[in-house]
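Please read the structure below before turning to the comments.
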Amino acid sequence: MSQAAPDAASLPQDGQEHRLHPLSWLFVLVAQLKQFILPLIVLLFAGRGDRHDLWGLLAVGALVLASLAEYFTYRYLLRSDGIRIRSGWLHRSLREIPFARIHNVNLHQSLLHRLFGVAEVRLESAGGVKPEAQMRVLRLDQALALEALVRRRGTPGAGAAGIDAEAAPPLLTLSTGELVRLGLISNRGMLVVAAAFGALAQAGNDIFATVVERWGKLLFGRVSAFMGAHAHDSALGLGLAAISLVVAALVLVRLLSVLLAILQFHGFTLREDDGRLSVERGLLARSRSSARRRRIQAWSLREGVLHRWFRRRSLRVDTAAGQRGAQEHHTLKDIAPIATPRRCDELIGHFLPAAGWGALDWQPVHRGAWLRIAIPGLLFALLATGALWWNFGGIGLLGLLLVPLQLWRAHRIAGACGYADNGKLVAWRSGWLAKTWNFAECDKVQALRLSQSPLDRRLGMASLLLDTAGASPFGAPLHLHHLPLAAAQALSARLGAQLARRRLQW
Amino acid sequence: MTSTEFDAAQASAPAAQPPTVETWHAPPARAVRLHAGFLAAIFGVCGLGAMIGPLLAMDDHRATRIGVAFALLLLGPSLGGWIGARLRHQRWKLDAEGLWLRTGRLWWRETRVPASRVQHVDLKHGPLERRFRLATLVVHTAAVHLSGITVRGLDEGDAQRLRDALARQLDDAGDAL
């Protein structure tokens, strides 16, 4: 995607309105078909052999018309400080987007896009579910020029900046070996398999059961050939078959994960040029997303068990352009999908040079935190033991063995948690088996909440939620649990005072 | 604090200073009563609505039916009233740093929105609230979980002043296009 240096002349900046690429309607149609693919498939297959096929054709025809209408009504006008987009036929809309308000620029090229030498451009501002502008599609050189224009905030004169950018060495690239590790660690294949299971279950035919049965028969045949007759009856044969099935499934899922990782992250490059980060990736479908460094709202460094085995970590960021759902994977998220712990620290140090990430003074949580963590699990263990004892008598009391296990686990978790605050950066680390470090620059915190449950009050602790923009709606990354009450109050007061003094810098 | 005290404090403040009164404000008693009564009614209606079918379907056990119905009529509204009356623990404060809001007693929470992080402010008056000269103020931030901080049961005058003060700080920040 980055072969050609962006040529500002390819973009029509003559004060006139322009249409998108003449083939735009095709890509709009493909995008719409993707949304309607399930109903269409149902129409095609459910109504097999009768006249209902016609309805499917009619639906596609209507979509073609809609796509053509979108192409003929969508116009854009480039100005010195922003872009104006006029669209719609019955429901018309006019949108002014100042370059200064754009947080993310995404260029996306699927295989079809690459075939026709075009690209899809998304301009995202802070907040909102949909991108501010979705230009489907522009000629590739125009798309690159538009990206460069947004980067320079609309001053077309400084053409040299783009060329410099290409010359700057990438901050991180991933070799195929790293991609294989990423696939093994991330286990993306599991999602696909789960989705496939769901689809098969919906299909109603017993495809899945049939597959398992065939597989079992095949394996049983092999096993009995190996062990001789009567293998069908022996527990060993059964166990071997079952275990081999599970192992084969696990290996297949991991292989799928590796394949997916290579598809998504092949040719991963992280670059930075004049304060702008850009990430480029993809084997068949290429995409490039970029955002200014100071637009990053929060950071998250993860290390799971598998990460630890491979001595790797992964680094993600939140930008304020909070795209959700299907578009989420296009926004700038994975700064380093996989990298050595040292490289991750270097990257953080590079992007936050003054924040002192390497020299944070980590504070432990409240001394009694382990008790607070253990109590829900303890209650469950005691209830379960009670139920077992009631049903099975004395042997049920073995459930009490869960109690020391739970206490030990809670101790480890409490020991792993910690918080740090040095006036520039506020950080929270958590997790014992899978560790996470979440941190944000203090100025990026938008609101604070100190909370105490009755149990917290009894133990003299409190939780502090530091909310940032663009965080995931599921679970807050900077939720500092089980802090000593005085420390939580002091941190809350200090941050509140600091935030009130500083203006919000997006 | 009553609204007259608030006015007195306003008047005594120098004109150049932003109108911040750095004390905790409790909701007026009528706001708590309204909130508790409203939730009690809602819970009562919902509880009866959910149980009316099963109650009618039971053919015999006339005494049990009446007992259950009475228990519902008693329990639903009292639960609603208890939840609604939690509003009496709410305290708010506006100072130079921004808006503070404390809610709850057992599950205690203190939310703080720095004035520089307020995106916009909504003032809402429902029909019942209008009748009792009350208002609800929603302070919006760019955060994800604390995106809308709701201050319920404000006296109308207090709500106006609070909104104006927050809006003035917004203007001073001047992040507009």
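The values are calculated or read from the model by the stated rules, or taken from the named source; none is laboratory data. Not measured: the values here are computed from a predicted model. Note: ideal-geometry Cβ built from the backbone for every residue, glycine included; neighbour counts use all protein chains shown. Note: areas computed on protein heavy atoms with side chains; ligands, DNA, RNA excluded. Shrake-Rupley method; radii C 1.70, N 1.55, O 1.52, S 1.80 Å.
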Please list, by residue number, everything in the range A:72-91 whose backbone N is under 19 Å from a paramagnetic label point 7 Å out along Cα→Cβ of A:Ala66. A:72-75, A:87-91
When every protein chain stays in place and a 1.4 Å probe is rolled, A:His479, B:His61 sorted by accessible area with the largest first are B:His61, A:His479
Using 7 Å Cα-to-Cβ label points, what is the A:Ala486/A:Ala285 separation (nm, one decimal)? 5.5 nm
Efficiency of FRET between A:Arg92 and A:Asp14 - r from beta-carbon atoms, R0 22 angstrom, step 0.05: 0.40
Under a point spin-label approximation (7 Å from Cα along Cα-to-Cβ), what is the B:Ala26-A:Leu54 distance to one decimal in nm? 7.5 nm
Could you sort out which of A:Lys333/B:Lys124; A:Lys34/A:Lys217; A:Lys130/A:Lys444 sit more than 27 Å apart by Cα distance in this structure? A:Lys333/B:Lys124; A:Lys34/A:Lys217
Heavy-atom SASA rank of A:Glu147, A:Glu441 (probe 1.4 Å, accessible area, largest first): A:Glu441, A:Glu147
What FRET efficiency, computed as 1/(1 + (r/R0)^6) with R0 = 56 Å and r the Cβ-Cβ distance, is obtained for A:Leu382 and A:Arg79, rounded to the nearest 0.05? 0.25
Rounded to the nearest 0.05, what FRET efficiency do A:Val246 and A:Trp362 give with R0 = 41 Å and r taken as the Cβ-Cβ distance? Could you check? 0.50
Could you sort B:Arg117, A:Arg214, A:Arg254 by accessible area so the largest value comes first, with the probe set to 1.4 Å? A:Arg214, A:Arg254, B:Arg117
Can you pull the percent of the range B:90-173's accessible area that's carbon plus sulfur, 1.4 Å probe, other chains left in place? 45 percent
